[in-house]
Amino acid sequence: MTAYPDRPDGRPDGRPDGRLDPAPLDDTGQPDGPNGMTRRQLLRHAGWFGGAVVLTVASGEVISHIADRSGAPGTTAAGAMAAGAGTTASGALRFVQVSDSHIGFQGPANMDVAGSFSEAIRQVNSLGFRPDFVMHSGDLTHLSTPSQFDQVRQMMTGMRTDRVFTVPGEHDSIGDAGRAYRHTFGKGTLGEGWYSFDTHGVHFIALVNTLSLEKLGHLGEEQIEFVRRDLRGLSSDTPIVVFSHIPLFAMYPRWGWSTDDALRVIALLRRFSSVTCLNGHVHQLFTKTDGNITFHSATTTAYPLPKPGRAPAPTPQVVPARQLKDALGIRTVGYRQGARELAIKDERLT
């Protein structure tokens, strides 16, 4: 593992630096099939418009909620902490997760994905606090083209935050195994785009499980060994947060909503008292607790997908405009280090 001189344990503080690489994209090979994707790839694709998952970490607690686009009272991370755990936000780490912007998508499920992503950015900038960082958990683009990557990169420079981090989705890896994605967003990462960093006493790991389009999701030997080495030496009371695009649990394997070798990473995380895994891909809120590990699936800024098993395939869902707010919601999750119970509250905004 690469050593970094700014920390005695060799781990970087905030690596990569989160500033998006402005270098131009390579015009890499384009995918085959209708609209640039194969039918199988299209059928494998995961609601709400202009939303963001806000997370707060303080004194070993991770609190998450869905921020209201209106910025209504009670939607700040500090408010979520007060509701979920009764603690203050003093010294807290506060960050935002956005996911599945699908810049470049064209279809009746959302005729303006760029507009809805712009609304998400406006929402991030109106939270009432400056997030320590923003994480985009994949499917930044819809077809992995250079122009789509450049568009989403330019849009995210408008986020008022110190750092922006990303992980790729399968839509960011079409036709070139993620090369164009890494050229734009992979500065400072290892292997095929994975990395870790430490801040505010929390250890973060960003994983890539989307490169094998015929075997979604998959981590591979090299990345699993990276996690093994990365966790070595950390005390068991270190809070761990893991980002990936595809869930690290078997949410619905039939639709590719699982990672086939994730259990090997989960086994490495079992010794830690507080582990939170955050993913995108499924375009809907879902929470699962397995012992010391909590999994949160995020919503999307692009288009809804059906709930598992309620449609022949996870294709974009068209809903009447007047019903879109039915998919908006607020989630507060109180998570105390070492505890096994979560305090969860979900409210629709209609």
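Table for the structure above
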item: Single unsatisfied condition, Gly256 versus (1) on the phi > 0 side of the Ramachandran plot; (2) of a type outside the set (S, T, N, Q); (3) open to solvent by 10 Å² or more (accessible area, probe 1.4 Å); result: (3)
item: Selected residue (criterion: farthest from the chain's Cα centre (by Cα)) from residues of the stretch 283-296 that are surrounded by 18 or more Cβ atoms within 10 Å (Cβ to Cβ) and either assigned to a loop (DSSP other than H, G, I, E, B) or of a type in the set (Val, Ile, Thr) (or both); result: Asn292
item: Enumeration of residues in the stretch 223-247 that are surrounded by fewer than 21 Cβ atoms within 10 Å (Cβ to Cβ), modelled with pLDDT of 95 or more and in contact with an Asp or Glu (Cβ under 8 Å, 6 or more places away or on another chain); result: Ile224
item: Complete set of residues in the stretch 160-173 that are crowded, with 23+ Cβ neighbours inside 10 Å and more than 15 Å from the chain's Cα centre (by Cα); result: Ser173
item: Check on Thr299, crowded, with 17+ Cβ neighbours inside 10 Å, on the phi < 0 side of the Ramachandran plot and part of a loop (DSSP other than H, G, I, E, B); result: yes
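The values are calculated or read from the model by the stated rules, or taken from the named source; none is laboratory data. Just so it is clear, the structure is predicted and the values come from calculations on it, not from any experiment. Glycine also receives a Cβ, built like all others from the backbone with ideal geometry; neighbour counts cover every protein chain displayed. For the accessible areas, the whole protein counts, side chains as well, though only heavy atoms, and no ligand, DNA or RNA atoms are used. Shrake-Rupley method; radii C 1.70, N 1.55, O 1.52, S 1.80 Å.
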